[in-house]
Amino acid sequence: MKNTENKPLEWYTERIEYLQEFMSEARQQVLRRTLANRTRYMTILTENTFHPQNASALVRHCEAFGLQEMHTIEDRCKFSPNQSIVRGTDKWIELNRHRSTTEALRELRKRGYRIVATTPHREDTTPETFDVCKGPFALVFGTEHAGISQQVIAAADEFVRIPMCGMVESLNVSASAAILIYMLSARMRASVEGWQLTEADRTELLYRWTYASVQDAEAILNRKYPQVP
C-alpha cells in the first residue's frame, strides 16, 4: 500500500466505504470493534529480545490486549518474531524499531511517555499500585538473561515489579509482559479518560485494515480512484 498519511478524513472515509462493498458485514464489525479497544496511551519497549519465541509472544500480547504499537531496541540483535507463531498478528500493530536505547528513550519522551522499567529488584510499584492515571507510559522489558540495562535503570521515571510468592525470583520476559500488559491495560480502560485512539487515528487505521482485508484492494481502488501520473 502506498503512503497515505496526512490525508483529509474524507479521503479515508470515501475509500473505506467503497472497499467495504467487497467485505462481509461480520468482518467490518470485527475491525470496528477491535479499533474501539485500541490504545496508544500505553506501549512497550523491549531491549534486544533475541529469542524468536519471545519476540513472537510480545507481538501477540500487544495485539491481544489492544496496544496499537510497540518499540524495540536492536543495537545488539534484531527483533525477529517467528511468523508461524505470530500468525499474522503483526500486521495489525505498529512495530517501531530503534538502533539504540538512547534513540528509543528520546523518541518516547518526545511523545510524552513515562519510562517505566520492569524489574524484580525495585520496590516502587506493583501491577495493583502503579498509577495508570498519571499519564501515558511505556513499559520497558530487558533481555532474556540480563534484564533491563543500566541505561534504562538510570533513565526510568518509575519501576514496576510482579510480586513472587515462591522460590522463583522472576518470570521470563514473555510471561512478565503478558501479566503486566493485561493488568495495566484493564486498569487503564477502567479508570483513565481519553485512553482511546483519536477519531483521525481510528479512521486512518480503519482504512489500512480494510485495505489489508480486501483481496486486490489496490486494483479495486484504482478502478474508482485512478492514480494520477
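The values are calculated or read from the model by the stated rules, or taken from the named source; none is laboratory data. A quick note: this is a predicted structure, and the numbers were derived from the prediction, not measured. Accessible surface areas use protein heavy atoms only, side chains included; no ligands, DNA or RNA. Shrake-Rupley method; radii C 1.70, N 1.55, O 1.52, S 1.80 Å.
Derived scalar couplings between HN and Hα for the range 151-167 equal 5, 5, 4, 5, 8, 5, 7, 8, 10, 9, 10, 9, x, 10, 10, x, 6 Hz in order, rounded to whole Hz, by the Karplus curve 6.51 cos²θ - 1.76 cosθ + 1.60 (θ = phi - 60°), x for Gly and Pro.
With all pairs of separate Cα atoms included, the chain yields a Kirkwood hydrodynamic radius of 19.0 Å. Surface composition of the chain: carbon plus sulfur atoms hold 49% of the accessible area, using a 1.4 angstrom probe and ignoring ligands, DNA and RNA. What is the antiparallel percent of DSSP beta bridges lying wholly in the range 72-194, to the nearest 5? Antiparallel: roughly 10 percent of the beta bridges in the range 72-194. Per DSSP H run of n ≥ 4, the term is -39500 (n - 2.57); total these for the chain, divide by its residue number, and report the mean residue ellipticity at 222 nm rounded to 500 deg cm²/dmol. So the calculated ellipticity at 222 nm is -13000 deg cm²/dmol.
With an a/c value of 1.5 or above and a/b larger than b/c for the gyration tensor axes a ≥ b ≥ c computed over the alpha-carbon atoms, the range 1-131 is described as prolate.
Accessible surface area normalised per residue over the chain is 53 Å², counting heavy atoms of protein chains with a 1.4 Å rolling probe.
Straight-line reach from LYS224: taking Cα to Cα under 18 Å and skipping same-chain neighbours fewer than 8 places apart, the aspartates and glutamates in range are GLU10, GLU14, GLU17, GLU21, ASP216.
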